[in-house]
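Participant: If you scroll down you'll find the structure; I have some questions about it.
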Amino acid sequence: MPHRIVILGGGTAGWMAANLFVRRWPSDKVAVTLIESPDIGIIGVGEGSTPTLKRFFELIDVPERDWMPRCDATYKVNIRFAGWSPQSGIDSYSHPFVSQVDTHVQSAFMVNCRTRRLGLDVRTQPDDFFLNGVLARQGKGPRAPEHFPFVVDYGYHFNSGLLGQFLAELAVERGATHVQTRIADVERADAGDVTALVSEDGQRYEGDFFVDCTGFASVLMQKTLGVGFRSFKENLFNDSAVVMPTPVPETPKPETVSYAMSSGWRWRIPLTSRFGNGYVYSSDFISDDDAETEFRAALGTLDSEEPTRRLRMRVGQLEKHWHRNCLGLGLSQGFIEPLEATALLLVQVTVELFMASYEEGNFSDRHAGEFNRKVDDRFERVRDYVVAHYKLNTRDDSEYWKANRANMVLSDSLRHILDAWYRRKDLSTEIQRQKLESHFGTLSWHCLLAGYGAFPPIAPNQPGQGDHYEEKGVERFLARCALNFASHGDNLAMLGGPDTTDPS
Ligand SMILES: Cc1cc2nc3c(=O)[nH]c(=O)nc-3n(C[C@H](O)[C@H](O)[C@H](O)COP(=O)(O)OP(=O)(O)OC[C@H]3O[C@@H](n4cnc5c(N)ncnc54)[C@H](O)[C@@H]3O)c2cc1C
């Protein structure tokens with residue numbers, strides 16, 4: 001008998017897990033069943049990724065030309081934050097995905113950040129120092145031609161419904177069983193483990209291990225097993241969103257833009273078929289109706305008949321991600337608001353860690369404790385990075401932004417990072433001391449802090465040059481690298497034709 005794993009929920013999280021499982025474990029060893037209810041449906045947002053999604057497709061061995069056109073996908077080289085720090089004179093800054101090629105110029109960026117922290121007037125905008133920042137500005141795509149000697153990292157934008165359908169077909173083709181029904185009851189053994197899921201029409205689905213991918217409902221982890229939930233509401237105020245699509249130009253820039261709003265922020269995500277837009281806000285600071293009006297005004301759709309969709313978000317994480325014979329995954333395990341588009345990254349990290357721990361424990365829960373500590377830490381450190389965006393904002397136009405800046409509910413880890421920065425210590429040493437490189441690493445923290453202009457005033461006396469942007473010829477180097485890249489439109493068009501570029 002193969003070991004039976006039952007996944008409950010067919011959103012992106014459920015289908016990502018199903019694909020990773022069937023890819024790793026042959027069906028005579030592990031039988032994977034995914035149950036989902038079309039009546040309940042999926043959340044249908046979540047359309048931006050980090051480069052981890054690129055690794056996901058590499059792991060399951062699916063080339064871009066197979067999935068991207070089917071999912072209306074575009075490339076993503078960075079997130080641009082617009083209007084978050086007006087007092088520092090910065091209209092917008094980008095957090096580019098860092099690539100291998102950037103190792104040649106990253107030290108110039110870090111040195112300049114250090115010099116600027118001493119009050120000297122040197123260039124520190126992250127967009128200027130990273131290849132992806134330059135590509136975004138030029139509207140170029142990130143697919144490197146074969147002769148380009150460096151790996152370029154990037155993420156994607158995609159339609160989440162279409163991605164779910166694609167992944168469902170693939171998982172079934174590769175051996176997963178797909179059941180469409182609503183689960184109404186859960187059976188448990190005397191010791192407490194889940195033994196079977198029971199559908200509305202009385203069918204029983206037995207399993208040895210269960211993965212809860214039921215979204216915010218968290219049917220198995222919270223409702224059945226009673227696992228506690230640790231809210232991040234005190235750190236992150238946003239709990240709501242309103243979403244609406246708008247038309248997209250033929251060749252959009254390969255970037256997500258995050259615009260600051262009165263009580264939150266608004267994303268603009270380019271797909272090939274539309275812009276996905278959403279206003280993420282705190283219901284403590286604005287009503288749903290006022291948020292929608294502000295959102296429509298920003299999109300220029302005040303007179304449009306097109307309906308919006310409103311969502312509530314539960315921000316925080318489970319006290320245990322793996323409990324008994326169940327794993328929480330996706331929104332059911334927790335959620336950090338979507339500012340850095342990290343939800344699918346956390347799905348993938350969780351599944352990869354789980355598979356390794358489960359195998360190492362010979363398909364037992366022997367390593368569940370260590371696994372839980374690692375995933376818990378991952379969530380908290382991602383949360384800290386998102387919190388830092390709010391803490392460093394310099395907006396004074398609403399109580400929301402002032403309250404975020406004044407919020408002192410910060411983890412020790414975040415306090416130490418900010419302390420090191422403002423005391424002009426070496427940030428890399430602090431990041432290494434905290435072993436944070438696998439979360440948001442040194443460069444990401446430099447991008448964030450420099451992007452917000454978190455520097456002392458420029459000193460009146462400037463002793464000489466010392467600008468490594470100039471001295472190291474960063475502009476010329478990156479401009480020459482960028483010459484190798486085609487426009488974003490050409491990159492997308494290539495997906496329909498023969499593949500002549502190196503996707504690695
Ligand atoms: C406003 C917002 C913006 C976001 N933006 C991003 C982003 O840019 N990037 C990113 O990575 N993530 C983002 N996310 C998160 C992302 O949407 C989710 O992580 C992703 O869609 C995965 O969702 P899921 O599969 O966990 O849950 P869902 O999509 O909600 O799927 C739940 C599944 O469980 C099934 N189900 C539930 N109960 C039962 C039952 N009783 N019986 C049978 N089936 C059941 C449903 O039918 C469904 O198939 C965002 C989230 C929100 C709220």
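Participant: Would you mind putting 279-286, 113-120 in packing order, based on average other-beta-carbon counts within 10 Å, highest first?
Facilitator: Working: 279-286: 21.1, 113-120: 18.0.
By packing density, highest mean first, the sequence is 279-286, 113-120.
Participant: Explain nothing, just the number: dipole magnitude of the chain about its Cα centre with +1 on each Lys and Arg Cβ and -1 on each Asp and Glu Cβ, in debye rounded to the nearest 20.
Facilitator: So the magnitude is around 1180 debye.
Participant: Give a residue-ordered list of calculated ³J(HN,Hα) values for the stretch 306-319 (Karplus: 6.51 cos²θ - 1.76 cosθ + 1.60, θ = phi - 60°; whole Hz; x for Gly, Pro).
Facilitator: Calculated HN-Hα couplings, in order: 4, x, 9, 10, 10, 9, 9, 10, 10, 9, x, 8, 5, 5 Hz.
Participant: Return one number: the angle in degrees, 0 to 90 and rounded to the nearest 10, between the long axis of the Cα atoms of helix 106-117 and the longest principal axis of the Cα atoms of the chain.
Facilitator: Helix 106-117 sits roughly 60 degrees off the main axis of the chain.
Participant: I'd like the distance separating the alpha-carbon centroids of the stretch 369-387 and the stretch 171-222, in whole Å.
Facilitator: That distance is 26 Å.
Participant: Please list, in order along the stretch 431-438, the HN-Hα scalar couplings obtained from phi with the Karplus expression 6.51 cos²θ - 1.76 cosθ + 1.60 (θ = phi - 60°), rounded to whole Hz, x for Gly and Pro.
Facilitator: After applying 6.51 cos²θ - 1.76 cosθ + 1.60, I find 5, 5, 4, 8, 6, 9, 4, 7 Hz.
Participant: Which of the aspartates and glutamates could be linked to LYS223 by a straight reach, that is with a Cα gap under 14 Å, when you skip same-chain ones fewer than 8 residues away?
Facilitator: Hits, sequence-local ones excluded: ASP185, GLU187, ASP193, ASP212, GLU319.
Participant: Kirkwood Rh over Cα pairs of the stretch 31-140 into Stokes-Einstein at 4 °C, 1.567 mPa s: D in µm²/s? Can you show the working numbers first?
Facilitator: Numbers: Rh = 17.4 Å.
Roughly 74 µm²/s, to the nearest whole number.
Participant: Given a 1.4 Å probe, how much area per residue of the chain is accessible, in Å²?
Facilitator: Per residue, the chain has an accessible area of 41 Å².
Participant: If we sort 331-340, 198-207 on the protection proxy, mean other Cβ atoms within 10 Å, highest first, what's the order?
Facilitator: In decreasing order of mean packing, 331-340, 198-207 become 331-340, 198-207.
Participant: Let me ask something else. Ranking request for peptides 346-355, 28-37, 62-71: highest mean number of other beta-carbon atoms within 10 Å first, then the rest in descending order.
Facilitator: 346-355, 28-37, 62-71
Participant: Show the residues, 5+ positions off or on another chain, whose built amide H is closer than 5 Å to the amide H of MET261.
Facilitator: Amide H neighbours of MET261: ARG266.
Participant: Does anyone have the angle between helix 160-173 and the longest principal axis of the chain? Alpha-carbon axes, 0 to 90°, nearest 10?
Facilitator: The helix 160-173 is inclined about 50 degrees to the chain.
Participant: Sum -39500 (n - 2.57) across every DSSP H segment of at least 4 residues in the chain, then divide by the residue count to get the 222 nm mean residue ellipticity, nearest 500.
Facilitator: After summing the helix terms and dividing by residue count, I get -10000 deg cm²/dmol.
Participant: Using amide H atoms built 1.01 Å from N in the peptide plane, name the residues 5+ places from LYS140, or on other chains, whose amide H lies under 5 Å from its own.
Facilitator: Amide H to amide H, under 5 Å and 5 or more residues apart or across chains, LYS140 pairs with HIS488.
Participant: Report the Cα centroid-to-centroid distance between the stretch 305-364 and the stretch 77-105 in angstrom, as an integer.
Facilitator: What the calculation gives is 27 Å, centre to centre.
Participant: Could you tell me what percent of the accessible area of the chain is made up of carbon and sulfur, with a 1.4 Å probe and every protein chain present?
Facilitator: The C+S portion of the solvent-accessible surface of the chain is 48 percent.
Participant: Quick one: Karplus J couplings for the stretch 364-381, per residue in order, coefficients 6.51, -1.76, 1.60, θ = phi - 60°, nearest Hz, x for Gly and Pro?
Facilitator: Using θ = phi - 60°, the values come out as 10, 8, 3, 9, 4, x, 5, 4, 4, 4, 5, 5, 4, 5, 4, 4, 5, 6 Hz.
Participant: Cut-off under 23 Å on the C-alpha distance; same-chain residues fewer than 8 positions from LYS253 excluded. Which lysines are left, in chain and number order?
Facilitator: The qualifying lysines are LYS54, LYS76, LYS140.
Participant: May I ask for log10 I(q)/I(0) of the chain at q = 0.09, 0.11 Å⁻¹, from a Debye sum over the Cα atoms as equal point scatterers with solvent left out?
Facilitator: The Debye formula, applied to the Cα set alone, gives -0.65, -0.98.
Participant: Right, something else. Could you pull out every one of the lysines with an alpha carbon less than 30 Å from that of LYS425, ignoring same-chain neighbours closer than 8 positions?
Facilitator: LYS374, LYS391, LYS402, LYS435, LYS472
The values are calculated or read from the model by the stated rules, or taken from the named source; none is laboratory data. None of these values were measured; they are calculated from a predicted model. FYI the Cβ positions are ideal-geometry reconstructions off the backbone, even for glycines, and counts take in every protein chain you see. Remember, those area values only see protein heavy atoms, side chains included, never the ligands or the DNA or RNA. Shrake-Rupley method; radii C 1.70, N 1.55, O 1.52, S 1.80 Å.
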